[in-house]
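First the structure, in the form of structure tokens, and then the observations on it.
The values are calculated or read from the model by the stated rules, or taken from the named source; none is laboratory data. These figures come from a predicted structure and were not determined experimentally. Neighbour counts are summed over all protein chains in view; Cβ atoms, including those assigned to glycine, are modelled from backbone coordinates with ideal geometry. Calculation scope for accessible area: heavy atoms of the full protein, side chains included, ligands and nucleic acids excluded. Shrake-Rupley method; radii C 1.70, N 1.55, O 1.52, S 1.80 Å.
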Amino acid sequence: MFDRLNLGGRAALAVPVIAPAIGALVALVSLALATEDALIKGWSLAYITFVYATIIALPVGIALAFPAVLLGHLLPEPRFGWLIAIGAVTSGGPAALLSLPDAETALGAALIFGMIGAVAAWLWWHFVERHREMEPAHD
């Protein structure tokens, strides 16, 4: 029971750290993919996409943290690989479905958002999941 509470505390602290990191990544991607005829350009575009991506990433992270902490021990080995795959599919799948009529746009959205989801899963592994196997230290 103590380990699950420890993981829950790590998850509660990790989600507000991961969300701005994902917001920064989305801002950089938006800067890289900005077109010449965009209405908003430069750092204004980066700021707007950072804020909105962070606002979206916080509730999504909170919603996904509960099942991840409770059911994460059920993932087969290697857990890290499974987390990366789940992160990529969870982000890339809906993005591809939203732009489905155009196959090229759907593939691009799936790749970009899948990469963002994989980075979020890697951060989740780093902050929370890898501590699941560690034994608690005592003095």
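Quick notes
- Within segment 102-124, if we keep just the residues that are open to solvent by 30 Å² or more (accessible area, probe 1.4 Å), in contact (Cβ under 8 Å) with a residue 24 or more places away in the chain and farther than 19 Å from Leu58 by Cβ, the residue that is farthest from the chain's Cα centre (by Cα) turns out to be Ile112.
- Inter-residue pairs, beta-carbon under 6 Å, first open to solvent by 30 Å² or more (accessible area, probe 1.4 Å) and in segment 68-79, second of a type in the set (A, V, I, L, M, F, W, C), 6+ apart: Leu75/Trp82
- Of the residues making up segment 15-60, those that are among the small types (Gly, Ala, Ser) and either open to solvent by 40 Å² or more (accessible area, probe 1.4 Å) or under 11 Å from the mean Cα position of the chain (by Cα) (or both) are Ala19, Ala21, Gly23, Ala24, Ala32, Ala34, Ser44, Ala53, Ala57.
- Test for Ile86: is it within 20 Å of Gly117 (Cβ to Cβ), without any contact (Cβ under 8 Å) to a residue 40 or more places away in the chain, out of contact with any Leu (no Cβ under 6 Å at 6 or more places or on another chain) and crowded, with 17+ Cβ neighbours inside 10 Å: yes
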